[in-house]
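Only one structure is covered here, and it is reproduced in the block below.
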């Protein structure tokens, strides 16, 4: 079997079909020989920032000489991005080998009357198998959707749990209030396992605190006063920590998103809990300064940035980050999927970001929002020009042609970020 054949098989598993119950995922892991058994799992949930927290944790663990596996989603360009060992995406050959091994067990499951794993379950099982075979000590896991019913929550004894920023997203699945969504995220909490969470809306924090109290576990809020954003440089943000444990030297991230300091601080507190006095923050500082996290305020071509902001909470943070860079001329390239509240996102963008013009495009996915509806949404909130260009490739060409010294920000969907990144790589090779 080739890599493309394996990927094609996985893609044909409906991504948004009815979820299998969590017991099914536990059965799946048992068929795989419980590869998670000897792993020290760090389980991370949240609406925005959880992927960044995971990447920061992975980098800091490796700086300490720890072996680590990283499981994140979604991927931007290639499916291998979801499974990383010792800081590297698994190779195509390794992906196929693990896929074939896992599929042997899937066939056994089906012969015994169990249903086929979902798209996410299968990739999760592959990641756990790959980590166990590599003999890693730590596995850093990002939830796919929610937490309580997420396949990753089949891990019964994680070493620590963490919850990044919580906001309104996936209401059709997780609930239509912040409290309901927070309860789903807090579903990853376990007895005997400490939890750390980023300060956000008070209602969400209260849900996490109450669940921790019910379980009788340590719960620490990482407040806004735990760090201070110092400055944004060309492609970096500098921040300081208020806890003396981390020293007095400024920390740097290779990103200009203001929200990334918050994500890094949550990861730092998790590291501190894991290693305590044995931890070496100077190594963590060096590791974080080298981390690049694709699709988050990432410059893919000169003056053209992609950002995965795909809900209102993320768009608010995106706008704050753009404004923190100081006055500059901007343009926006936007797309979204149908189930997202793009009306709220476009309203906030138009009211709070002085873009010279907007471009709407259609991502290459069956769930893509109609460009005419996106156009109508922008027209309700801005009198600036709005161009409709169906093809992301042509939309990228358009903003490059009309850039004229502006910084172009592309957002609204991680699918869009991935498509534009791949197109930019093609452009760079031309």
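When the helices (runs of 4 or more DSSP H) confined to region 218-333 are screened for residues that are in contact with a strand residue (DSSP E or B) (Cβ under 8 Å, 6 or more places away or on another chain) and more than 30 Å from residue 412 (Cβ to Cβ), those reaching at least 3 such residues are found at 259-275. Residues in region 25-41 include at least one that is modelled with pLDDT of 95 or more, under 16 Å from residue 146 (Cα atoms) and out of contact with any strand residue (DSSP E or B) (no Cβ under 9 Å at 6 or more places or on another chain). May I ask you to verify whether residue 62 is more than 28 Å from residue 419 (Cβ to Cβ) and either touching a strand residue (DSSP E or B) at 6+ places or on another chain (Cβ under 8 Å) or not assigned by TED's automatic domain parsing to the domain that holds residue 363 (or both)? Taking the combined requirement at face value, the residue satisfies it. Residues satisfying the criterion are present in region 156-174 (criterion: surrounded by fewer than 23 Cβ atoms within 10 Å (Cβ to Cβ), more than 19 Å from the chain's Cα centre (by Cα) and under 23 Å from residue 64 (Cβ atoms)). For region 105-120, the count of residues that are part of a helix (DSSP H, G or I), within 20 Å of the chain's Cα centre (by Cα), within 15 Å of residue 13 (Cα to Cα) and touching a residue at least 24 places away in the same chain (Cβ under 8 Å) is nonzero. Going by what's in this entry, would residue 405 be described as under 30 Å from residue 201 (Cβ atoms), surrounded by fewer than 19 Cβ atoms within 10 Å (Cβ to Cβ) and over 25 Å from the mean Cα position of the chain (by Cα)? Answer is no for this residue. Annotation note: of 366, 413, the sole residue that is out of contact with any strand residue (DSSP E or B) (no Cβ under 9 Å at 6 or more places or on another chain) and either surrounded by 14 or more Cβ atoms within 10 Å (Cβ to Cβ) or over 25 Å from residue 317 (Cβ atoms) (or both) is 366.
Given (1) touching a residue at least 40 places away in the same chain (Cβ under 8 Å); (2) in a loop (DSSP other than H, G, I, E, B), where does residue 26 come up short, assuming only one miss? Condition (2) is where residue 26 drops out. For the condition closer than 15 Å to residue 130 by Cβ and touching a helix residue (DSSP H, G or I) at 6+ places or on another chain (Cβ under 8 Å), residue 6 qualifies. Scanning region 78-86 turns up at least one residue that is under 14 Å from the mean Cα position of the chain (by Cα) and either outside any strand (DSSP E or B) or modelled with pLDDT under 95 (or both). Based on this model, can you work out whether residue 102 counts as within 17 Å of the chain's Cα centre (by Cα), assigned to a helix (DSSP H, G or I), at pLDDT 95 or above and crowded, with 18+ Cβ neighbours inside 10 Å? No: the conditions fail for residue 102. Counting only residues that are touching a residue at least 12 places away in the same chain (Cβ under 8 Å) and exposed (fewer than 14 other Cβ atoms within 10 Å of the Cβ), how many does region 374-389 have? Total meeting the criteria: 2. Scanning region 117-139 for residues that are farther than 15 Å from residue 35 by Cβ and crowded, with 22+ Cβ neighbours inside 10 Å yields 118, 120. Taking the numbered list (1) within 20 Å of residue 88 (Cα to Cα); (2) at pLDDT below 95 in turn, residue 64 passes all entries but (2).
The values are calculated or read from the model by the stated rules, or taken from the named source; none is laboratory data. Please read these numbers as outputs of a predicted model, since none were measured by experiment. A quick note on method: Cβ atoms are made from the backbone with ideal geometry, for glycine too, and the neighbour counts reach across all protein chains shown.
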